[in-house]
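Chemist: Here's a structure for you.
Values quoted throughout were computed directly from the atomic coordinates according to the rules given, and no laboratory measurement underlies them. Note that the coordinates shown come from a computational prediction; the quantities given were computed from them, not determined experimentally. Cβ atoms come from the backbone with ideal geometry, glycine included; neighbour counts cover every protein chain shown.
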Amino acid sequence: MTESIKGVERFDSPGKGRGLRVTKPFKVGELLFSCPAYSYVLTVKERGCFCECCFTRKEGLAKCGKCKKAFYCNVKCQKADWAMHKLECSAMTAFGENWCPSEMSRLVARILAKKKTQKERCVSEKILLIGDVQSHVEDVDNEKREMTEVDVAGLHRFYSKHLEIPDHKDLLTLFSQVACNGFTIEDDELSHIGTAIYPDVALINHSCLPSVIVTYDGTSADIRAVKDMKPGDEVLISYIDLLYPTDDRNNRLRESYYFTCECQECKSRSMDKAKLKVRKQSDPFEPEVINNMVRYARKTIREFRAHKNIKTPSELLEMCEQSLDHMGAVFDDSNIYMLHMMYQAMGICLYMEDPEGAISYGEKIIKPYSKLYPPYSLNVSSMYLKLGRLYMGLEKHSAGISTLKKAMAIMEVAHGKNHLYLTELRKEIKKK
Ligand SMILES: [Zn+2]
Ligand SMILES: [Zn+2]
Ligand SMILES: [Zn+2]
């Protein structure tokens with residue numbers, strides 16, 4: 001670890017390689033440690049809403065006078081960010097609308113720039129410090145390889161003026177490491193804010209029954225217990241969305257992280273039946289019928305993802321509604337494939353500024369969500385938040401306040417009582 005963290009140590013986790021474990025008890029909601037980002041980047045879409053340097057969300061940020069695209073709290077933040085921002089400032093002006101590196105290329109550019117300033121011998125050494133430096137370059141499938149080639153090309157095209165770019169093979173390794181070890185920074189409603197590298201957090205192994213949760217405070221990551229932990233317990237986070245049944249979770253883990261989970265839940269599959277609940281019928285469905293519908297659901301999810309940036313919002317909403325109609329003949333409303341499409345539909349309604357539509361989906365989602373996710377889940381708190389804020393916006397204050405309070409109960413554990421998000425939330429509740 002970068003520095004020794006009190007109460008937490010590295011160890012060799014059986015079957016998993018390096019991991020972290022606690023050496024003293026931690027209670028639910030207690031902070032194990034905070035980890036500053038080694039490198040980070042604000043997502044392009046959030047420019048102007050967050051400070052590029054410290055990720056403070058506020059109005060009235062001041063913009064960079066040169067490119068007019070980066071925004072800061074003040075001169076201090078602007079100065080502190082210049083070593084990174086200069087990689088993009090003049091290039092953004094020069095390329096104009098054609099400036100379009102992927103977020104991955106942007107982050108890698110920053111890692112390379114940082115490497116240069118710190119004169120490190122080896123980037124990977126620093127990215128993961130002493131963590132799993134496996135890069136899995138050889139495990140990557142064709143589709144991913146193509147995407148990485150696009151990222152590499154983007155790095156050359158948009159950053160070569162300011163960076164010494166390593167040779168192709170080293171770059172592929174670096175991109176693969178960042179893909180496996182990068183963290184997505186999200187806000188309280190789980191909107192994507194940026195991507196970052198946290199060396200100490202990258203040491204934490206995965207479980208579908210996590211003992212800790214990662215939240216973000218500015219650009220730092222906070223690790224808090226969501227279970228009471230005793231000395232010797234491994235620190236475990238979830239790398240993936242835990243809504244899905246065991247086979248789907250492990251497909252995802254193999255695709256993105258190249259391993260299969262062997263946690264208690266993956267062995268017992270105790271939640272799978274509830275997650276794949278079918279409609280009650282006097283004549284139960286044939287297994288064949290259910291299997292076919294699961295195949296249809298997975299195909300629909302893939303298709304929806306592929307079409308997300310191509311089709312219009314109303315076309316996408318129609319896709320959701322059609323699939324919900326079709327699946328609804330077999331699946332219960334609380335089936336996770338139904339919930340997945342309802343969640344997408346809710347997002348589209350929010351985008352189309354249709355609060356009533358969004359509420360109608362949110363109300364169907366929230367109950368099964370709170371049963372199917374683990375007790376302190378950001379997926380659940382963010383759903384309560386969205387729903388509560390929608391009620392408040394429509395002047396439904398008592399429903400709004402009670403829903404926001406449910407979000408708050410989870411966030412006090414996950415984010416800590418003093419997090420800015422909770423201060424904001426208390427103000428929102430008090431206003432009415
Ligand atoms: Zn700032
Ligand atoms: Zn600039
Ligand atoms: Zn598992």
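Chemist: Take every Cα-Cα pair in region 18-126 and report what % of them are more than 24 Å apart.
Modeler: Details: 2233 of 5886 pairs.
Value for region 18-126 (Cα pairs over 24 Å): 38 percent.
Chemist: Region 337-418: which GluC sites (Glu not before Pro) are DSSP loop and have at most 14 other beta-carbon atoms within 10 angstrom? It would help to have the intermediate numbers written out before the result.
Modeler: Values: sites: 353, 356, 363, 395, 412; in loops: 353, 395.
In loop regions of region 337-418 (DSSP not H, G, I, E or B), the sparsely surrounded GluC sites (Glu not before Pro) are 353, 395.
Chemist: While we're looking at this one, here's another question. Under a 5 Å amide H to amide H cut-off, with H placed in plane at 1.01 Å, what residues pair with residue 32 once short-range neighbours are removed?
Modeler: Hits under the 5 Å cutoff: 223, 224, 225.
Chemist: Could you work out how far helix 75-95 tilts from the main Cα principal axis of the chain, as a 0 to 90 degree angle to the nearest 10?
Modeler: Taking the Cα atoms of the chain, the angle to 75-95 is about 90 degrees.
Chemist: Among the listed pairs 79/114; 68/114; 280/367; 27/230; 114/161; 275/364, which have their C-alpha atoms separated by more than 20 angstrom in this model? Provide the component values of the computation, followed by the final result.
Modeler: On the way: 79/114 16 Å; 68/114 24 Å; 280/367 18 Å; 27/230 9 Å; 114/161 15 Å; 275/364 15 Å.
Check vs 20 Å cut-off fails for 68/114.
Chemist: Also, quick follow-up: Give me the extension gain from residue 269 to residue 395: residue separation times 0.36 nm, minus the current Cα-Cα distance, reported in nm with one decimal.
Modeler: On the way: separation 126, 0.36 × 126 = 45.36 nm, distance 4.21 nm.
Using 0.36 nm per residue and subtracting the Cα-Cα distance, I get 41.1 nm.
Chemist: Would you please put 45-52, 330-337 in order of how densely packed they are, using the mean number of other Cβ atoms within 10 angstrom per residue and starting with the highest?
Modeler: Values: 45-52: 18.5, 330-337: 20.8.
Packing proxy ranking, top to bottom: 330-337, 45-52.
Chemist: Given the options 39, 160, 238, state which has the largest fluctuation in a GNM of the chain using a 10 Å cut-off (strictly under) for Cα springs.
Modeler: 160
Chemist: Taking Cα atoms, how many degrees apart are the long axis of helix 168-181 and the longest axis of the chain, rounded to 10 and kept between 0 and 90?
Modeler: Taking Cα atoms only, the helix is inclined about 40 degrees.
Chemist: Choose one answer from 19, 65, 218: the residue with the largest mean-square fluctuation in a GNM of the chain with alpha-carbon springs under 10 Å.
Modeler: 65
Chemist: Give the distance, in whole Å, between the Cα centre of region 306-326 and the Cα centre of region 148-205.
Modeler: Centre-to-centre (Cα) distance: 31 Å.
Chemist: What are the residues whose amide H is under 5 Å from the amide H of residue 235, where those residues sit 5 or more places off or on another chain and H is modelled from the backbone?
Modeler: Amide H neighbours of residue 235, under 5 Å, 5+ apart: 20, 21, 22.
Chemist: Identify which of 340, 162, 415 has the largest mean-square fluctuation in a Gaussian network model of the chain, with springs joining Cα atoms closer than 10 Å.
Modeler: Evaluated over the chain, the most mobile residue of the options is 162.
Chemist: Can you give the charge dipole size of the chain about its Cα centre, rounded to the nearest 20 debye, using +1 on the beta carbon of Lys and Arg and -1 on the beta carbon of Asp and Glu?
Modeler: Numbers: 65 positive and 59 negative charges, 284 e Å.
Roughly 1360 debye, rounded to the nearest 20.
Chemist: With axes computed from alpha carbons, what is the tilt in degrees of helix 142-159 against the longest principal axis of the chain, rounded to the nearest 10 within 0 to 90?
Modeler: So the inclination is approximately 40 degrees.
Chemist: Along region 9-23, what does the Karplus equation 6.51 cos²θ - 1.76 cosθ + 1.60 (θ = phi - 60°) give for ³J(HN,Hα), rounded to whole Hz, x for Gly and Pro?
Modeler: Going residue by residue, I get 9, 7, 7, 8, 7, x, x, 10, x, 6, x, 10, 9, 8, 10 Hz, with x marking Gly and Pro.
Chemist: Ok, one more. Express in whole angstrom the spacing between the alpha-carbon centres of region 336-383 and region 20-48.
Modeler: What the calculation gives is 25 Å, centre to centre.
Chemist: Taking amide H positions as placed in the peptide plane 1.01 Å from N, state which residues far from residue 278 in sequence (5 or more) or on other chains have amide H under 5 Å from it.
Modeler: Amide H neighbours of residue 278: 332.
Chemist: According to a simple spin-label model (label point 7 Å from Cα along Cα-to-Cβ), what is the distance in nm between residue 314 and residue 241?
Modeler: Placing both labels 7 Å beyond Cα along the Cβ direction yields 2.6 nm.
Chemist: If you don't mind, another one. Spelling out what I want: for every residue of region 355-365, take phi, set θ = phi - 60°, compute 6.51 cos²θ - 1.76 cosθ + 1.60 (Karplus), and round to whole Hz; glycine and proline get x.
Modeler: x, 4, x, 4, 4, 4, 6, x, 5, 6, 7
Chemist: Quick one: 3J(HN,Hα) in Hz for region 186-198, Karplus 6.51/-1.76/1.60 with θ = phi - 60°, rounded, Gly and Pro as x.
Modeler: 10, 8, 5, 9, 6, 7, 6, 10, x, 10, 8, 10, 10
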